[in-house]
Amino acid sequence: MELSVQNCLDGVGISLLSEWDILMFVYRHGASLTSADRIARLIGYESRVVSDVLDRLEREKLIERSRPSQGVCFYRILASMDAGRWYCLRLLISLSESRSGRLQLAERLKTLWSDSGREQQAS
Amino acid sequence: MSEDALIKTGIKGLDSILLGGIPRTNVILVQGVTGSGKTLLGSEFIFRGIAQHNEPGLIVVFETNPDKLIRDAAGFGWNLDELQQQKKLQIIFTSPQVFEQELRSPDSLLLETASEMGAQRIFVDGVGLLNTNPDDSISVHRTYRELLQQLIESLNRENLTAMFSLELGNARDSIATAETTDFLADTVIQLGRERHGRRIQRSLEILKSRGQDYEAGEHTMQITGGRGLEIFRRVQAPLLAKSKQPTSSTMRSVIGVEAIDTLIGGGIFDGSTTMVVGVSGVGKTVLGTQILREGSLKQKTRGLLISLDEHPAQIIRNAQTLGLNLEEQVADGTIRILFESPQELDIDSHYARIVHLVEEHDIQRMVIDGMTSYSTAIGEIGVYRDFFHAMVAYSKQRLMTTFFNYENPEFLGISSYMPDFPLSSIVDNLILLSLVEINNSLHRCISVVKSRGSKHSFDTREFLIGQGGISLVPLEQNRVPALSLQSYSSLLSRAPTRFSLPNRINGAVTEQDKE
């Protein structure tokens with residue numbers, strides 16, 4: 001199971017807890033007409049972290065954003081995500097619906113975050 | 001107003017209350033307390049617009065998680081996800097500030113999306129959140145008013161018919177917000193959620209709607225899993241003159257029940273209303289069953305029996321014991337039985353079900369058994385009276401011959417036809433079924449007290465309930481050991497008195513009497 005979770009995380013291209021949280025925010029809110037600042041306020045991250053993660057998720061072709069208008073954009077999960085990646089994402093979402101699944105994910109992502117993300121977040 | 005000028009909500013029952021729909025581009029405000037169904041009404045307005053009228057729409061939410069909105073909608077069978085994929089629907093999660101800024105912006109992403117989709121409807125859930133300043137000063141409300149005006153202007157410019165939801169509260173600022181929004185909106189729909197005893201009743205009232213007429217007053221609203229909202233027009237509303245049906249007829253129909261046909265010579269008028277009054281156990285239900293069965297067999301009329309007391313299976317079984325076989329008529333649909341439990345009875349939806357059955361099956365003869373259970377179930381005398389008046393008016397409009405059974409609480413003799421509900425004057429015919437005590441036994445009697453436009457008998461006649469139902473005891477038959485029923489006077493005044501003249505037989509006055 002652990003291997004499978006890791007495979008799915010790798011398949012989606014997620015390595016940080018902040019990436020997972022922000023990806024899930026965008027997934028759950030469908031089309032969000034908002035700004036990085038507001039997402040940060042709603043999920044309790046620093047604005048700069050959210051901004052960086054949104055950029056990364058867009059580069060990784062996990063989300064899409066519209067042109068900006070007065071500081072806001074439409075953020076959506078990328079509709080044209082490839083099937084394998086979409087399958088992995090659905091598995092992870094399904095896993096995160098239970099507490100034990102969320103713990104597994106958090107543990108995995110936290111480890112990765114501790115290894116490579118701390119400095120990035122702190123900087 | 002032409003059909004095209006109206007936007008149909010598509011919500012069951014609502015468009016008929018709105019007399020067809022709401023004028024296009026009217027700004028619609030749906031207000032109510034928490035849990036009154038505002039978000040659901042707005043979501044269904046958008047969903048029905050897409051599904052039934054091919055009018056794409058937007059839902060803008062500030063607080064509700066779109067995920068949950070989609071999940072909740074799925075419980076009503078609405079696949080919002082699919083509609084989003086088809087680009088007919090877009091649910092947008094944003095903040096009030098962004099929304100307000102977007103509507104004023106010339107390069108608004110939201111309006112661009114609306115335009116790309118060809119959206120014709122927009123639902124904004126929680127317009128009160130635009131008034132975020134906690135200060136209750138006049139200037140703040142002026143600002144909110146201006147904001148709302150700008151918002152309405154922007155939506156009108158885009159030819160979007162907008163529906164806003166507004167949560168009502170008791171705080172001063174909430175009341176002021178509501179007053180401002182009410183004033184600016186063209187159509188205001190108020191949703192209610194009130195406790196009646198231990199149950200909750202939902203209601204819908206149109207407070208105003210510019211540019212159109214509508215059915216005023218408080219209507220019942222129900223939320224049904226797997227379907228959505230349903231609005232039931234309040235029963236007390238006067239019937240709209242939709243058709244030019246006559247409300248009276250000169251045609252008489254033989255009822256087919258000897259007891260009635262004998263006492264009302266030549267039958268009763270089609271479309272007349274009859275109240276059958278009597279104590280419990282005197283035979284009202286049997287008479288009702290017989291009226292429907294005889295009508296079906298001899299007159300080929302389609303009948304409806306409505307009961308709040310007995311389940312159809314029990315009605316059929318009891319009738320069977322008297323040789324009145326209803327099974328065949330029920331099976332072939334010539335007689336229908338509507339049973340609803342008096343507990344939790346919602347009178348508006350019950351009335352709507354009756355109307356639906358009558359119209360779907362072209363019912364010509366109806367028996368309501370009985371009115372006393374309605375009195376208990378409804379509780380409010382005003383609503384009970386409205387139901388009865390509506391039922392009478394509807395029966396007359398359709399020329400449907402209707403019988404109402406009313407259980408009089410007085411056991412022997414009566415001092416009033418309908419003690420808790422003096423409405424006997426609005427029916428055309430009044431039949432009393434009484435119990436009288438002679439010697440040490442009870443006898444059943446029938447009297448016709450009133451029959452408008454008919455030369456009816458004022459004789460009180462004894463009847464029996466046996467195989468075949470109710471039958472009159474022949475006048476010449478002397479069932480009582482010494483004297484027949486006709487040998488007594490004051491039968492209905494709780495003091496039957498035997499005539500002293502021994503030669504008065506069968507109620508006839510003899511030559512000897514005259515002398």
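The values are calculated or read from the model by the stated rules, or taken from the named source; none is laboratory data. All of these numbers come straight from a predicted model, not from anything done at the bench. Note that we place each Cβ from the backbone using ideal geometry, even for glycine, and neighbour counts take in every protein chain shown.
Mind checking which pairs have a first residue in region B:314-334 that is farther than 17 Å from B:K298 by Cβ and a second that is among the charged types (D, E, K, R) and at pLDDT 95 or above, Cβ under 9 Å, 6 or more apart or different chains? The qualifying pairs are B:V330/B:R336; B:G333/B:R302. Restricting B:R202, B:R142 to residues that are away from every other protein chain (no Cβ under 14 Å), at pLDDT 80 or above and either assigned to a helix (DSSP H, G or I) or closer than 28 Å to B:K8 by Cβ (or both) narrows the list to B:R202.
Of the residues making up region A:77-87, those that are within 25 Å of B:S108 (Cα to Cα) and surrounded by fewer than 17 Cβ atoms within 10 Å (Cβ to Cβ) are A:A79, A:S80. For region B:38-60, filtering for residues that are surrounded by 23 or more Cβ atoms within 10 Å (Cβ to Cβ) and either within 14 Å of A:R28 (Cα to Cα) or out of contact with any strand residue (DSSP E or B) (no Cβ under 7 Å at 6 or more places or on another chain) (or both) leaves 2. Assess whether B:E360 counts as being farther than 30 Å from B:E410 by Cα and either modelled with pLDDT of 95 or more or in contact with a helix residue (DSSP H, G or I) (Cβ under 6 Å, 6 or more places away or on another chain) (or both). It is true that B:E360 is farther than 30 Å from B:E410 by Cα and either modelled with pLDDT of 95 or more or in contact with a helix residue (DSSP H, G or I) (Cβ under 6 Å, 6 or more places away or on another chain) (or both). Residues in region B:331-366 that are within 16 Å of the chain's Cα centre (by Cα), farther than 16 Å from B:Q397 by Cα and not in a loop (DSSP other than H, G, I, E, B): B:L338, B:F339, B:I347, B:D348, B:S349, B:H350, B:R353. The residues of region B:28-46 that are under 14 Å from B:R121 (Cα atoms) and touching a Leu at 6+ places or on another chain (Cβ under 7 Å), listed by number, are B:L29, B:L41, B:S43, B:E44, B:I46. Could you tell me which numbered condition B:I59 fails, if it satisfies all but one of (1) touching a Ser or Thr at 6+ places or on another chain (Cβ under 8 Å); (2) more than 22 Å from B:L29 (Cα to Cα); (3) within 14 Å of chain A (Cβ to nearest Cβ)? So B:I59 meets the others, but not (2).
Of the residues making up region B:160-199, just one is under 30 Å from B:Q343 (Cα atoms), modelled with pLDDT of 80 or more and in a loop (DSSP other than H, G, I, E, B), namely B:R198. Selection over region A:16-72 of residues that are surrounded by 20 or more Cβ atoms within 10 Å (Cβ to Cβ), more than 14 Å from chain B (Cβ to nearest Cβ), touching a Ser or Thr at 6+ places or on another chain (Cβ under 9 Å) and under 22 Å from B:L109 (Cα atoms) gives a count of 1.
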